[in-house]
Amino acid sequence: MMAGSSKRKLGRGVAIVGAGMSNFGMFPDKDSKDLFAEAFAEMLASVDKGIDPADIQAAWIGNFSNDFFVHQAHWGPIIADVTGIVPRAVTRTEGACASSTLAMRDALMAVASGMYDIVLAGGVEEMSKCTTEEVTEGLALATSPYEGEAGYTFPGVFGALATAYFHKYGAGREHLMNITIKSHENAPLNPKGQFKQTIRDLMEAKKARMAKKGEPVPDWADEKEALFDPSFNPPVAWPMHLFDCCPISDGASCILLVAENLAKNFTDKPIYVVGFGQGSGRGLHACPSLTSFEANRQAAAEAYGMSGLKPKDVQFAEVHDCFSIAELIHVEDLGFFPEGEGYKAIAEGETRREGRMPINTSGGLKCKGHPVGATGTAQMYEVWKQLRGEAGERQIPGRDLYIGATQNLGGTGGTCTFTIFERR
C-alpha cells in the first residue's frame with residue numbers, strides 16, 4: 001500500500017448535477033472570459049430542474065499559466081464577474097495540467113465538510129495567442145527544476161519515458177501508434193473536439209494536396225505505414241513523433257457540485273463522486289521508475305480506498321494522454337492492465353470504445369485538445385456524458401455504465417489525481 005493510502009472518507013456525499021464545456025481548439029477571436037462563459041452557459045442548461053447562478057455559493061477555477069500566455073493573472077474575480085456570482089468567493093488553483101482537477105478537489109472538500117452546499121469547479125486556458133516556441137517555454141515552467149536545467153521540454157521527458165518502456169518491456173513505436181489511431185477514430189464523434197479526423201482521413205487529405213501540386217502521391221498501405229513515414233509524421237523528440245503529441249489549445253470547462261441530499265432537487269440523474277486521490281512525484285532524476293508515475297499509484301490507492309472499488313470495477317476512463325506513451329503508462333499504473341502488458345491489451349483493441357476497457361472516448365487530449373487548465377474538468381464532462389447515456393455517437397455501445405473514472409497529470413508527473421464517479 002502506498003504511503004497515506006488508508007481509507008479516507010468524505011464527511012458527506014457529493015454529487016455532480018451539471019456540466020459544461022466550450023469547444024476546444026485555436027480561437028484567435030475569443031479570450032478566456034468568452035470561453036468560460038460558453039462552458040458555464042452549457043452547465044446551467046444541463047441542470048435538468050434548473051439552477052439560479054445566484055444560488056452558487058463559491059467556486060474554484062483551475063488555470064495554469066494565463067499569466068504567461070496572455071499576461072493576465074488573478075482569475076478568480078474575473079470568473080466571478082463572468083458567471084455573475086460576485087461577491088461570492090472564487091479561488092484560482094494551479095497544478096499545471098491538473099489545475100482544474102485540483103479546483104474540483106477543493107470544491108469537493110468544501111461541500112463534503114459542510115462549509116458549502118452548492119459550488120462550481122472548472123478551468124480555463126488560453127494558449128493560441130502565443131507562438132509554438134512561447135507555448136513550449138511556458139509549459140516547461142511545470143517541469144522540475146532539475147529537468148529544466150538539463151534542457152528538457154515536455155516532448156523530451158516523455159520521449160525518455162517511452163525509450164525506457166521500450167527497453168524494459170520490448171514494445172516499440174508501432175504499439176504507440178495503436179493509441180494514436182484509436183484516439184483519432186474517436187475524434188470525429190466529438191463535436192467539441194479540436195481534431196475531428198481519423199488518421200486515414202488525414203492520409204487521404206495529404207494525398208490530395210500532393211496530387212494537386214503535381215508531386216508523387218504516397219501509396220501507404222495502412223495507417224501505420226503512414227505514421228512510420230517522416231514526411232507524414234515527423235520526429236519531435238525520439239521516439240515521440242508529431243502524432244504522438246497533443247496540440248496547443250484554448251478552452252474551458254466546468255461542473256456543478258452539490259451536497260448529496262440536495263442532488264435530486266436539481267436532477268433525477270446525478271453522478272456521485274465516490275473516490276478521489278492525489279499524489280506527488282519527484283523529477284526524473286529521482287524517480288524510482290521511468291515506466292510508472294509514483295504519484296499516479298498514490299492517487300489510485302487513495303481513490304480505490306475511499307470508494308471501496310477495485311480496478312476491475314471501473315468500466316471506462318479518461319486518462320491524461322498528453323503524449324501517447326502517457327496513456328500506456330497510466331492504464332498500467334491505475335491497475336487496468338498488468339505492468340508491461342498494457343501495450344499488448346491495447347494492440348488487441350481492449351481500450352477501443354467497443355473494447356473491454358474503453359479509454360478516452362472523447363478523443364483524449366490528443367484529439368479533443370488540451371487547454372491545460374481546463375483539461376481535468378473536461379475529462380469529468382466526458383464521464384458525466386457517458387454515465388448519463390448522453391454522449392451521442394461516441395456513447396460506449398452495449399454497456400450499462402455506472403462506474404467511470406478520470407486520471408489527470410500535472411507537469412512531468414509531479415501532480416497526479418484519480419477520481420471515480422458512480423451513477424446509482
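The values are calculated or read from the model by the stated rules, or taken from the named source; none is laboratory data. What you see is a predicted model, and the numbers here were worked out from it, not measured in a lab. Here the Cβ is made from the backbone with ideal geometry for all residues, glycine too, and neighbour counts use every protein chain on show. Keep in mind that these areas ignore ligands, DNA and RNA; they rest on the heavy atoms of the full protein, side chains included. Shrake-Rupley method; radii C 1.70, N 1.55, O 1.52, S 1.80 Å.
Does M203 count as touching a helix residue (DSSP H, G or I) at 6+ places or on another chain (Cβ under 6 Å), more than 16 Å from C322 (Cα to Cα), modelled with pLDDT of 95 or more and assigned to a helix (DSSP H, G or I)?
Values: touching a helix residue (DSSP H, G or I) at 6+ places or on another chain (Cβ under 6 Å): yes; more than 16 Å from C322 (Cα to Cα): yes; modelled with pLDDT of 95 or more: yes; assigned to a helix (DSSP H, G or I): yes.
Here the answer is yes, as M203 does meet what is asked.
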For this session: Specify the residue that is surrounded by the fewest Cβ atoms within 10 Å (Cβ to Cβ); the eligible residues are those in the stretch 264-289 that are at pLDDT 95 or above and more than 21 Å from the chain's Cα centre (by Cα).
Result: D268
Exercise. Say we look at the stretch 66-93 and pick out the residues that are closer than 22 Å to I16 by Cα and charged (D, E, K, R); which of these is surrounded by the fewest Cβ atoms within 10 Å (Cβ to Cβ)?
Worked result: R88
Exercise. Looking at the stretch 146-180, which of the residues that are modelled with pLDDT under 95 and over 23 Å from I248 (Cα atoms) is most open to solvent (accessible area, probe 1.4 Å)?
Worked result: E149
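Quick check: anything in the stretch 192-199 open to solvent by less than 50 Å² (accessible area, probe 1.4 Å), closer than 28 Å to E354 by Cβ, in contact with a Ser or Thr (Cβ under 8 Å, 6 or more places away or on another chain) and among the hydrophobic types (A, V, I, L, M, F, W, C)? Explain how you work it out, then say what you get.
The first filter runs over the stretch 192-199 and keeps only residues open to solvent by less than 50 Å² (accessible area, probe 1.4 Å), leaving 192-194, 198-199.
Keeping just the survivors that are closer than 28 Å to E354 by Cβ gives 192-194, 198-199.
Subset that is in contact with a Ser or Thr (Cβ under 8 Å, 6 or more places away or on another chain): 192-194, 199.
Checking which are among the hydrophobic types (A, V, I, L, M, F, W, C) leaves us with 199.
Within the stretch 192-199 (the criterion being open to solvent by less than 50 Å² (accessible area, probe 1.4 Å), closer than 28 Å to E354 by Cβ, in contact with a Ser or Thr (Cβ under 8 Å, 6 or more places away or on another chain) and among the hydrophobic types (A, V, I, L, M, F, W, C)), the answer is yes, since at least one residue qualifies.
Among the helices (runs of 4 or more DSSP H) confined wholly to the stretch 46-124, which include 1 or more residues that are under 15 Å from S253 (Cα atoms) and touching a Cys at 6+ places or on another chain (Cβ under 9 Å)?
Values: elements: 66-69, 75-83, 99-112.
In the stretch 46-124, 75-83, 99-112 are the helices (runs of 4 or more DSSP H) which contain 1 or more residues that are under 15 Å from S253 (Cα atoms) and touching a Cys at 6+ places or on another chain (Cβ under 9 Å).
Among residues belonging to the stretch 125-140 that are part of a helix (DSSP H, G or I) and farther than 19 Å from W75 by Cα, point out the one that is least open to solvent (accessible area, probe 1.4 Å). Give the derivation first.
If we filter the stretch 125-140 for residues that are part of a helix (DSSP H, G or I), which is where we start, we get 132-140.
After this cut, where a residue has to be farther than 19 Å from W75 by Cα as well, the list is 132-137, 140.
Working: T132: 85, E133: 134, E134: 78, V135: 2, T136: 54, E137: 110, A140: 26 Å².
So the residue we want is V135.
Answer yes or no as to whether A98 is within 30 Å of A237 (Cα to Cα) and not polar (S, T, N, Q).
Working: within 30 Å of A237 (Cα to Cα): yes; not polar (S, T, N, Q): yes.
Yes.
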Exercise. Is the stretch 8-26 home to any residue that is in contact with a strand residue (DSSP E or B) (Cβ under 8 Å, 6 or more places away or on another chain), among the basic types (K, R), open to solvent by 50 Å² or more (accessible area, probe 1.4 Å) and not in a helix (DSSP H, G or I)?
Worked result: yes
Exercise. Quick one: in the stretch 390-411, which of the residues that are in a loop (DSSP other than H, G, I, E, B) and open to solvent by 10 Å² or more (accessible area, probe 1.4 Å) is nearest to D321 (Cα to Cα)?
Worked result: Q395
Exercise. Within the stretch 224-247, how many residues are in a strand (DSSP E or B) and of a type outside the set (G, A, S)?
Worked result: 5
